[in-house]
1. Return yes when B:S97 is surrounded by 17 or more Cβ atoms within 10 Å (Cβ to Cβ) and of a type in the set (S, T, N, Q) and no when it is not.
2. Give the residue that is surrounded by the most Cβ atoms within 10 Å (Cβ to Cβ), with candidates limited to residues of the range A:176-187 that are without any contact (Cβ under 8 Å) to a residue 60 or more places away in the chain and more than 8 Å from every other protein chain (Cβ to nearest Cβ).
3. Only one of (1) more than 19 Å from A:P43 (Cβ to Cβ); (2) hydroxyl-bearing (S, T, Y); (3) surrounded by 23 or more Cβ atoms within 10 Å (Cβ to Cβ) fails for A:S281. Which number is that?
4. So A:G343 fits all but one of (1) assigned to a helix (DSSP H, G or I); (2) within 13 Å of another protein chain (Cβ to nearest Cβ); (3) within 18 Å of A:W45 (Cα to Cα); what number is the exception?
5. Could you say whether any residue in the range B:120-134 is touching a helix residue (DSSP H, G or I) at 6+ places or on another chain (Cβ under 6 Å) and under 24 Å from B:Q227 (Cα atoms)?
6. Quick one: B:I212 ticks every box in (1) away from chain A (no Cβ under 14 Å); (2) of a type outside the set (S, T, Y); (3) within 21 Å of A:D291 (Cα to Cα) bar one, so which box is it?
7. Is it the case that the range A:150-157 has a residue that's within 14 Å of another protein chain (Cβ to nearest Cβ), at pLDDT 95 or above and farther than 25 Å from A:N35 by Cα?
8. Check B:A198, B:A169 and return the single one that is exposed (fewer than 15 other Cβ atoms within 10 Å of the Cβ) and at pLDDT 95 or above.
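The values are calculated or read from the model by the stated rules, or taken from the named source; none is laboratory data. Owing to the predicted nature of the structure, the values given are computational and were not obtained by experimental measurement. All Cβ positions, even for glycine, are placed from backbone atoms using ideal geometry, and neighbour counts span all protein chains on display.
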There are 2 protein chains.
Amino acid sequence: MHFRVKLKNSTRHFLYLRANSTLMPQNTLLLDVLNGKPVNRPPIWIMRQAGRILPEYRALRSRLSGFVELVTTPDLAAEVTVQPVDRLGVDAAIIFSDILVIPECMGLHYELIEKKGPFFPETIKGIADIEALDSGESAASRLSYVFDAINETKKRLEDRVPLIGFSGAPWTLMCYMIEGSGSKTFSKAKAVLYKEPAMAHKLLQKLTDTVIEYLKLKVKSGVDVVQVFDSWAGVLDQQTYTKFSLPYIEQIVAAINDLVPTIVFAKGAHFSLDDILNGQSNAVGLDWSIDIPQIRKFVGSDRVLQGNMDPCVLYGSKDRIAEKVKQIHSQMGQNHIFNLGHGVYPDTPLENVISFVNSVKSLEY
Amino acid sequence: MHFRVKLKNSTRHFLYLRANSTLMPQNTLLLDVLNGKPVNRPPIWIMRQAGRILPEYRALRSRLSGFVELVTTPDLAAEVTVQPVDRLGVDAAIIFSDILVIPECMGLHYELIEKKGPFFPETIKGIADIEALDSGESAASRLSYVFDAINETKKRLEDRVPLIGFSGAPWTLMCYMIEGSGSKTFSKAKAVLYKEPAMAHKLLQKLTDTVIEYLKLKVKSGVDVVQVFDSWAGVLDQQTYTKFSLPYIEQIVAAINDLVPTIVFAKGAHFSLDDILNGQSNAVGLDWSIDIPQIRKFVGSDRVLQGNMDPCVLYGSKDRIAEKVKQIHSQMGQNHIFNLGHGVYPDTPLENVISFVNSVKSLEY
């Protein structure tokens, strides 16, 4: 695809160095793949690698009042961000945070209820609620605890591996802001797309403006890569995704990928994957339901793909894990970032996660 | 596809009449489409049409102790089965019941907890638990309340429209029996596929044997069509679906479709849709995420497809609903059963559901 020439030119790397004002990490695998440089094996990181699979995380977490304390205390967030680098030997860290800090900084407060998930005491019900939200840099700059956590993490990483920053996609953030909590269908949020599309676009644009400034500040604080998570892409279809999600993700990607490489992961968006692959991100994450040979056939071998092992494979034997790793590796070929096709599940045996990482690290091109 | 010649031959219709020992319904649209006969518009029914969208359902429900009382009392189940025929004017009734009566009749008791969903006090943990389950006809024949409800419904329908019977697919039933309740990921059930595949197959076969006998008894009691719901297909991928779900569904279809036409609906199974379409069912249900032109291109215009309007379209204006109905109609062409791509959501305005049905009834080929 012609745009890839532009993305892979030599200025990209220069900009990356300038944006972070730091040295290149010693382990450059992830950045090399994202910058189109040859590597001798795929890099690996794991969605939700910092979290309940690690005993040291659980020990720290049990001393705290709640998840929010962890997210808002830079020293603690940095500590759990670095834990999987030490324990699992992954090729990248991802800053420990939460996608819902964006509604929070825009003025829509949320809570995390143990075993239930996010809860918004107030939700977005009409245009007036959207107009009352702050947005852009003035909103994003309130999230100093995130930027401080990034600074602290960079110190503790001592340039061993790159640090990934992230944001929820505007559609996914809107889901929670309308619905007020998690949902299997997000039918309230979807109803707005059909009943009041102009209102939806107004909210999505405000979210986009804020996410862009937030990610710029993250880059300024030191993240080397950015991933946009569209966790609830899968409740839409091709028509609604094309109208209400993808254009906003593309705005974000366009604003960020001159600074650092971007990865877009839209879980469940099989219906719009062609369009996502035709977008400008440096890499596209795939969930485990996606058939890799079919995607490679569509997109060719140059596009960087991330994923996509089913997290449930990690409940199996080490042989089963190694076998699946080899299968995915042979289907993906070059230009691949190894990962799961969804966040690792909390009850996954730690030794199996380590075995997964080691299987990937023993691969060769 | 060559097997369709076999399915559409003249003996099929004869068997249908014999199995039910009743007259053909006055409204034969659904049966005609399933039997490959010409119709002047697509028939319509709506998944979960009997339920909370109807005020008369809510009124009846509020007088009862719980959902289980409704499912196990034939007169009441018949009453709510017929309600949408009277109120919405749909072209078929579907017996009001629950997919989890199958584990119940096999000896695994469950409860339905208000606003939370199904709950199994005991779950399947190992081979011994599976061996302790009853199966086949001796298990299925315990569900006399379902067969009585079908008999009673047939009387009340007075041959106006055909009656659909249904079952959960073995994989979906296994999900609940292992997990013990609903889940976003069904990771415990999936773990068994990776850790103990032989145990999974043993349970799936016992479920299949029971579902077949159950559906045969439903046909004997008077249902004119059978739909198999694989509600949790979407948590699998092509490889696991091919091993652990589709072969069992095909066993069921093969056993039933000499008696009455069968419809297979595997929600979220985009990765295995080609295989499902190549199966022997008389019709395949599509969820709303599926691109109709792409499917028609793959499968041709003869295969009967059911669906697939996003239930959330029903939150929109009547014009929006009519517009979407026309779009789906023009993409589907002939050999189409109109339906949503998922069950109707409880908070859908009744007048919009009626408007949806009327829009479909005003279509012409």
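1. Against the criterion (surrounded by 17 or more Cβ atoms within 10 Å (Cβ to Cβ) and of a type in the set (S, T, N, Q)), B:S97 qualifies.
2. Among those residues, the one meeting the criterion is A:I178.
3. Of the numbered conditions (1) more than 19 Å from A:P43 (Cβ to Cβ); (2) hydroxyl-bearing (S, T, Y); (3) surrounded by 23 or more Cβ atoms within 10 Å (Cβ to Cβ), the odd one out for A:S281 is (1).
4. (1) is the only condition that A:G343 fails.
5. yes
6. Failing condition for B:I212: (3).
7. No, every residue in the range A:150-157 fails to be within 14 Å of another protein chain (Cβ to nearest Cβ), at pLDDT 95 or above and farther than 25 Å from A:N35 by Cα.
8. B:A198 is the lone residue from the list that is exposed (fewer than 15 other Cβ atoms within 10 Å of the Cβ) and at pLDDT 95 or above.
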